[in-house]
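Encoded as structure tokens, the structure appears first; notes follow it.
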Amino acid sequence: MTSTAISVAQGINALVLDSPHSGTDYPSDFGFACNYTALRRAEDTHVERLYGFAPDLGCAWIEAHFPRSYLDPNRDVNEIDNTMLESAWPQPVSDNIKVRLGKGLFWKALDDGTPIYQRRLGVDEVKARIQRCWQPYHAAVEQAIAAAHARHGYSIHINCHSMPAVASQFATEFPGERHPDFVLGNRDHTTSSTALIELIQAHLIAQGYSVALNHPYKGVELVRRYSDPAAHRHSVQIELNCSRYMDEASREPHAGFDGIRQSLKGLVQMLTTADPRLL
């Protein structure tokens, strides 16, 4: 992994968008043992293309090129499953639902439960992944939000994701649940104002989409870590049902791709004129 682990486009308005899960550059030291095609289903496929307009609209844009199954930047560095390691992690670890599902900082299994590795990871190997991937990604998001806030007195951070039409067995706490077109998350109104997330919801509903708030996805580390609504730093996670823009089996875009892209562009354009302090 080189310095090309992430892409960063600087912004001029108050919006910061990031795509932590659309990376497709699989490092040579990954050492996975599962089927490669199955492993790629972990990607938020084409999200970077759907939001490719963001820099041209003056938004900051941060994109991971490494795959989330190699390291998930939407996790804290303590979300590590010690059973995956050759020796115990030297700092305290978090035993939360994501880790128990095999979806911690380093994925243990695919959404259907298939193990990713037939080996244990070395502690030094894990530390190297954090240094090469997690640290620069988080630094870029933090710096972009700080710069947007300094320019305008507020910032709006949109954390961009996709989700399957139906929740997989080991993906969430609600396996088998059929997802709406969009799920918006602000960790139960703690990472953005209620008014802002409801503005986004209303805009999407007006376009004819079904939209849920904070279920089954509330937002995780990237919206939690860099938000502070009381200080006018707002973060919202947007999950998009991937069946609206691609064939889930082939992962190829279908006829709905351009329409979804235009809808997302309209949403972002609306947000460039929205001052959360006035909502």
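In the chain, the DSSP beta bridges split such that about 40 percent are antiparallel, to the nearest 5. Across HIS203, HIS234, HIS46, mean-square fluctuation computed from a Gaussian network of the chain (C-alpha pairs under 10 Å connected) peaks at HIS203. Across segment 89-95, rounded Karplus estimates of 3J(HN,Hα) from the backbone phi angles (6.51 cos²θ - 1.76 cosθ + 1.60, θ = phi - 60°) give 5, x, 10, x, 10, 9, 9 Hz, Gly and Pro being marked x.
Can you give me the % of accessible surface on segment 160-279 that is carbon or sulfur? Probe 1.4 Å, all protein chains present, nothing else counted.
On the way: 2510 of 5160 Å².
In segment 160-279, the share of accessible area belonging to carbon and sulfur is 49 percent.
From its DSSP helices (H runs of at least four residues, each -39,500 (n - 2.57)), the chain gives a residue-normalised ellipticity at 222 nm of -7500 deg cm²/dmol. Of the residues PRO253, PRO90, PRO136, the one that moves most in a GNM of the chain with alpha-carbon contacts below 10 Å is PRO90. Distance from the alpha carbon centroid of segment 80-99 to that of segment 230-279 works out to 33 angstrom. Can you give me the distance in nm between label points at ALA249 and LYS127, each placed 7 Å from the Cα along the Cα-to-Cβ direction? Taking the simple label geometry, ALA249 and LYS127 are separated by 4.7 nm.
Couplings 3J(HN,Hα) for segment 54-66, derived from phi with the Karplus relation 6.51 cos²θ - 1.76 cosθ + 1.60 (θ = phi - 60°), are 4, x, 5, 8, x, 8, 5, 9, 10, 9, 7, 9, 6 Hz, where x marks Gly and Pro. Find how many whole Å separate the alpha carbon centroid of segment 16-53 from the alpha carbon centroid of segment 198-223. Segment 198-223 and segment 16-53 have Cα centres separated by 23 Å. Rolling a 1.4 Å probe across the protein heavy atoms gives the chain an accessible surface of 41 Å² per residue.
With every protein chain in place and a 1.4 angstrom probe, the accessible-area ranking of ARG75, ARG178, largest first, reads ARG178, ARG75.
Ordering THR273, THR190 from largest to smallest accessible area (1.4 angstrom probe), what's the sequence?
Numbers: THR273 115, THR190 85 Å².
Output order, biggest surface exposure first: THR273, THR190.
In the assembled protein chains, ASP258 presents an accessible area of approximately 110 Å² (probe radius 1.4 Å).
Taking every alpha-carbon pair under 8 Å whose residues sit at least 6 apart, the chain reaches a relative contact order of 21 percent. Among the listed options [x] 33, 31, 18; [y] 29, 21, 17; [z] 32, 26, 18, the one matching semi-axes √(5λ) of the Cα gyration tensor in Å as calculated from these coordinates is [y]. The alpha-carbon of LYS265 sits under 23 angstrom from the alpha-carbons of these lysines, leaving out residues fewer than 8 places away in its chain: LYS218.
Sorted by accessible area with a 1.4 angstrom probe, largest first, how do GLU43, GLU177 fall? Don't skip to the end; give the middle numbers.
Details: GLU43 10, GLU177 50 Å².
In descending accessible area the options line up as GLU177, GLU43.
The values are calculated or read from the model by the stated rules, or taken from the named source; none is laboratory data. Because the structure is predicted, anything quoted here is derived from the model rather than measured. Note that we place each Cβ from the backbone using ideal geometry, even for glycine, and neighbour counts take in every protein chain shown. For the accessible areas, the whole protein counts, side chains as well, though only heavy atoms, and no ligand, DNA or RNA atoms are used. Shrake-Rupley method; radii C 1.70, N 1.55, O 1.52, S 1.80 Å.
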